[in-house]
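S.K.: One structure coming up, written as structure tokens, with questions to follow.
The values are calculated or read from the model by the stated rules, or taken from the named source; none is laboratory data. Quick caveat: nothing in here was measured; it's all calculated off a predicted structure. Methodologically, a virtual Cβ is constructed for each residue, glycine included, from the backbone with ideal geometry; neighbour enumeration extends over all protein chains shown. What goes into the accessible areas is simple: the full protein's heavy atoms, side chains included, and nothing from ligands, DNA or RNA. Shrake-Rupley method; radii C 1.70, N 1.55, O 1.52, S 1.80 Å.
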Amino acid sequence: CNDLLLLRSDAYIINDDIIPELNPLCKGVAPVMGLDSKKYKFVGALEEATAGGIPSLVQCKRLTIKGFVRMSKKTTFVGDVSIVNTSDESKLVPAGEVTGDLDLTDATGLGPLKATSVKSGPIAGQKPGTSGLRKKTKVFMEEHYLNNFVQATFDAIKATGTDVSEGSLVIGGDGRYFNDKAIQTIVKMGVANGVKRFWIGKDGLLSTPAVSAIIRERGPVWQKAYGSFILTASHNPGGPEEDFGIKYNCENGGPAPEKLTDEIYNNTTTITGYKMCNDFPTIDIATVGSTSVVSADGSDQVTIDVIDS
């Protein structure tokens, strides 16, 4: 990850032969990178750390980072920089010039947008069809059952190249028992997985045709939906002793193709945990309107639009 961060920064430029070369402003000496080898062992960790953009390194001589941090294009590292965060939460590197030693351990974190990892394990029988996953309601209410499937779906969506932080995620269903609680769970997990905007049907109600139309037609373009979770078991009876279901529809408004449902299922067979924002507030889905939840450090925001179906 050290070399990747360096190459993505302004310390390197692309020459006329489309080959990366050291920026002349570095005066022939590339900054020395020292990212925490345990925290940034995989590229995914670096992607999360630089979701806000790549900081400027052209004036940096040495950068050492211990612990999880979040960087942005608004930050310029100058000279020798050493950043430490011994807390269990990723902390934001301040905007502007940063030089010398910086301890972020006690800095304000994300607050209601803080994601935590919950350990779980594979649960048999979570293979979805074109109509999604259907089981008895009590099965969906069991610990980890819904969460595992939702996390497996988010992981599969991201693997296709979809950026869940852009556009909107639609959530709705047929109003059967457990619908309201499932929606709150999906929202908390969606935020933890990087979703920034949700469109939720009033009272959690959105028919499958309505969801398809919303995905295809509702705008503006920069808010356009990339997919949806639909909570329905179709004609099957609902209730605490009856059936519940969940399915994912794609950016064209149609059911997830077999390739995606296979990936979702494969993820459910190897899952070790899921992401959750436990402190994210419960959303009032009975009232049409827009609600924004801002992180404690002011660096991020999630918007939930409750729409009339």
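S.K.: If I filter segment 1-50 down to residues being assigned to a loop (DSSP other than H, G, I, E, B) and of a type in the set (V, I, T), which single residue comes out as surrounded by the most Cβ atoms within 10 Å (Cβ to Cβ)?
M.R.: Once the filter is applied, the top-ranked residue is T50.
S.K.: Then there's this: Going by the structure shown, is V93 farther than 27 Å from I283 by Cα, under 24 Å from the mean Cα position of the chain (by Cα) and crowded, with 20+ Cβ neighbours inside 10 Å?
M.R.: The answer is yes for V93.
S.K.: Here's a follow-up. Out of the residues in segment 79-90 meeting the condition of being among the hydroxyl-bearing types (S, T, Y) and part of a loop (DSSP other than H, G, I, E, B), tell me which one is surrounded by the most Cβ atoms within 10 Å (Cβ to Cβ).
M.R.: S90
S.K.: Within segment 57-71, count every residue that is open to solvent by 20 Å² or more (accessible area, probe 1.4 Å) and either hydroxyl-bearing (S, T, Y) or over 16 Å from G109 (Cα atoms) (or both).
M.R.: 6
S.K.: Against the condition open to solvent by less than 10 Å² (accessible area, probe 1.4 Å) and within 29 Å of Q301 (Cα to Cα), how does V187 come out, does it pass?
M.R.: yes
S.K.: Could you run through segment 146-167 and say how many residues are in contact with a strand residue (DSSP E or B) (Cβ under 8 Å, 6 or more places away or on another chain), over 17 Å from G129 (Cα atoms) and among the hydroxyl-bearing types (S, T, Y)?
M.R.: 1
S.K.: Next up: Output the number of residues of segment 253-280 satisfying the condition of being modelled with pLDDT of 95 or more and either assigned to a strand (DSSP E or B) or of a type in the set (G, A, S) (or both).
M.R.: 4
S.K.: Across segment 286-309, which residue is surrounded by the most Cβ atoms within 10 Å (Cβ to Cβ) among those that are modelled with pLDDT of 95 or more and under 14 Å from the mean Cα position of the chain (by Cα)?
M.R.: V302
S.K.: Which one is surrounded by the most Cβ atoms within 10 Å (Cβ to Cβ), of the residues in segment 105-127 that are more than 30 Å from P94 (Cα to Cα) and of a type in the set (G, A, S)?
M.R.: So the residue we want is S120.
S.K.: Okay, next question. So which pairs qualify, if the first residue must be in segment 141-169 and among the charged types (D, E, K, R), the second must be open to solvent by less than 70 Å² (accessible area, probe 1.4 Å) and in a loop (DSSP other than H, G, I, E, B), the Cβ gap must be under 7 Å, and the two must be at least 6 apart or on different chains?
M.R.: Hits for this filter: K158/V164.
S.K.: Let me ask something else about it. From I283, I230, which residue is at pLDDT 95 or above, assigned to a strand (DSSP E or B) and either β-branched (V, I, T) or surrounded by fewer than 19 Cβ atoms within 10 Å (Cβ to Cβ) (or both)?
M.R.: I230
S.K.: Further question: If I ask for residues that are open to solvent by 60 Å² or more (accessible area, probe 1.4 Å) and part of a helix (DSSP H, G or I), which ones from segment 197-221 would you list?
M.R.: Residues satisfying the conditions are P209, R216, E217, V221.
S.K.: Still on this structure, please answer the following. Show the residue pairs that are 6+ apart or on different chains and have beta-carbon atoms under 8 Å apart, the first residue being within segment 255-277 and under 10 Å from P128 (Cβ atoms), the second being among the charged types (D, E, K, R).
M.R.: Filtered contacts from segment 255-277: P255/K247; A256/K247; T261/K127; Y265/K127; T268/K127.
S.K.: Now for a separate question. Cβ-Cβ below 7 Å, separation at least six or inter-chain, first residue in segment 5-28 and over 16 Å from I54 (Cβ atoms), second in a loop (DSSP other than H, G, I, E, B) and polar (S, T, N, Q): which pairs?
M.R.: From segment 5-28, the pairs are E21/N15.
S.K.: Do we have S165 as open to solvent by 10 Å² or more (accessible area, probe 1.4 Å) and part of a strand (DSSP E or B) here?
M.R.: no
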